[in-house]
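K.L.:
For reference, the structure I am asking about is given below.
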Amino acid sequence: MKPRQRRGFFILSVTGSGALSCELRLEQRGDISFLIPSNLLPEGSVRVAFSTRGGGVSPPPYESLNLAFHVGDEEANVLENRRVFCSVLGLDPGRLTTAQQVHGNKIAVVGQDLVGRGAFDEETAIPMVDGLITNLTGVPLAVFLADCVPIVLFDPLRRAIGIAHAGWKGTYGGIALNLVESLVKVFQSCPENLLAFVGPSIRSCCYEVDAELFQMFKDRFRDEVSERGRLDLVMLNVRQLERGGIFQKNIHFSRLCTACKVSLFFSHRVERQTGRQAAIVALL
């Protein structure tokens, strides 16, 4: 898929069938590029962004905007990459709040006591969770990925946000549904008011799995798993969001495959040892 240029910036059209779609605008700020949902451009109360791999300081095999500590990159490189990326988004890197990401399905509520956990090192990230929710202004929530599915939720009425990292284990465990239910329980969100954004990740074209894992998903999700030997984690998470009560018209997802586009994204399946891009959401 080639980007088309319009008035000085790039548009990546990733429109889907029916109401499910997402047009991601590729923003360029100096050497840093990142994707944002175009339908949020007029909305000044939230920032949603999905990073790409270019514009950072990390050397191979993490070149160059690696935003995760746990992959073996030098800590100083990650800190500089985070500083630069948060700066172009107008966010405070010292308030960046992250999860330990253990490929589970648990969600943490970020109050004032947890703000900034994981901002400057891996050890202080919020333990044993793969999702975060908050209603605090100016607190960026982030997950780090290289093929897994980033899920972002925004409640414009209750002023609450959520983010989750969904690998196959998290998807199987229902983390997307847990994210919706956590916003409902903690902040009294109504699912029909939620906006959902599912960012770039590996798609079924590149995600072939063994027979045992495929059968596990087939047994659990039945007709939602149809392509023999391959999983579409994006659509499995989209269906969970729908089951949670989010209107189809409010669910927007990227059709970009991280494994197909390693010039733009990190991909663990393709590269094995590599960096991580980030999905970030923050109330402004």
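K.L.:
Taking the convex hull of the alpha carbon atoms in segment 187-250, what volume per residue do you get, in Å³?
P.N.:
Spelled out: Cα convex hull of segment 187-250, divided by residues, is 104 Å³.
K.L.:
Treating cross-link reach as a plain straight distance, find the aspartates and glutamates whose alpha-carbon is under 14 Å from the alpha-carbon of Lys106, omitting any fewer than eight places away in the same chain.
P.N.:
List returned: Asp130, Glu181.
K.L.:
For Val46, which sequence-distant residues (separation of 5 or more, or a different chain) have an amide H within less than 5 Å of its own amide H, given hydrogens modelled in the peptide plane?
P.N.:
Answer set, sorted by chain and number: Leu284.
K.L.:
Show which lysines lie in cross-link reach of Lys261 when reach means a straight Cα distance below 20 angstrom and same-chain residues fewer than eight apart are skipped.
P.N.:
Partners found: Lys2.
K.L.:
Continuing with the same structure: Ranking request for peptides 238-244, 179-185, 223-229: highest mean number of other beta-carbon atoms within 10 Å first, then the rest in descending order.
P.N.:
Result, highest mean Cβ count within 10 Å first: 179-185, 238-244, 223-229.
K.L.:
For segment 112-123, take each phi angle, set θ = phi - 60°, evaluate the Karplus expression 6.51 cos²θ - 1.76 cosθ + 1.60, and give the result in whole Hz per residue in order, putting x for glycine and proline.
P.N.:
Whole-Hz 3J(HN,Hα) from phi for segment 112-123: 4, 5, 10, 4, x, 5, x, 5, 10, 6, 6, 5.
K.L.:
With θ taken as phi - 60° and the coefficients 6.51, -1.76 and 1.60, list the Karplus ³J(HN,Hα) couplings across segment 91-100 in order, rounded to whole Hz; mark glycine and proline as x.
P.N.:
Couplings: 10, 8, x, x, 9, 4, 10, 10, 9, 5 Hz.
K.L.:
Follow-up. Counting DSSP beta bridges in segment 8-283, what percent are antiparallel, to the nearest 5?
P.N.:
Counting DSSP beta bridges with both partners in segment 8-283, the antiparallel share is about 80 percent.
K.L.:
Here's a follow-up. Under 15 Å from the Cβ of Asn81, count the other residues' Cβ atoms, weight Lys and Arg +1, Asp and Glu -1, and hand me the total.
P.N.:
Once all neighbours under 15 Å are counted, the net charge is -3.
K.L.:
Right, something else. Output ³J(HN,Hα) for segment 266-283: one whole-Hz value per residue in order, computed from phi by the Karplus curve 6.51 cos²θ - 1.76 cosθ + 1.60 with θ = phi - 60°, and x for Gly and Pro.
P.N.:
6, 9, 5, 5, 7, 9, 6, 7, 7, x, 9, 8, 10, 10, 10, 9, 8, 6
K.L.:
Fewest first, what order do Asp92, Asp210, Asp155 take by the number of other Cβ atoms within 10 Å? Show your work: numbers first, answer last.
P.N.:
Details: Asp92 16, Asp210 9, Asp155 23.
By the 10 Å Cβ count, ascending: Asp210, Asp92, Asp155.
K.L.:
Related question: Whole percent per 5 Å bin, from 0 to the bin with the longest distance: what is P(r) over all C-alpha pairs of segment 23-142?
P.N.:
P(r) over segment 23-142, rounded to whole percents: 2, 11, 20, 22, 22, 16, 7, 1.
K.L.:
I want to verify the translational diffusion coefficient of segment 8-283 in µm²/s; compute it with Stokes-Einstein, Rh as the Kirkwood radius over Cα pairs, at 10 °C and 1.306 mPa s. Walk me through the numbers before you get to the answer.
P.N.:
Values: Rh = 18.3 Å.
D = 87 µm²/s.
K.L.:
Give the dimensionless ratio obtained when the Cα radius of gyration of segment 78-152 is divided by 2.2 N^0.38 Å.
P.N.:
Rounded to two decimals, the normalised Rg is 1.03.
K.L.:
Right, another one. Name the residues whose placed amide hydrogens come within less than 5 Å of the amide hydrogen of Ala68, ignoring near sequence neighbours (fewer than 5 apart) on the same chain.
P.N.:
Arg276
K.L.:
Lys and Arg at +1, Asp and Glu at -1: add these up for the other residues within a Cβ distance under 13 Å of Gly94 and post the number.
P.N.:
Local net charge: +2.
K.L.:
Then there's this: Suppose every Lys and Arg Cβ carries +1 and every Asp and Glu Cβ carries -1, with no other charges. What dipole size does the chain come out with about its Cα centre, to the nearest 20 debye?
P.N.:
840 debye
Just so you know, all these numbers are worked out from the coordinates, no wet-lab data involved. Because the structure is a prediction, the values reported are computed rather than measured. Backbone-built Cβ (ideal geometry, glycine too); neighbour counts: all protein chains shown.
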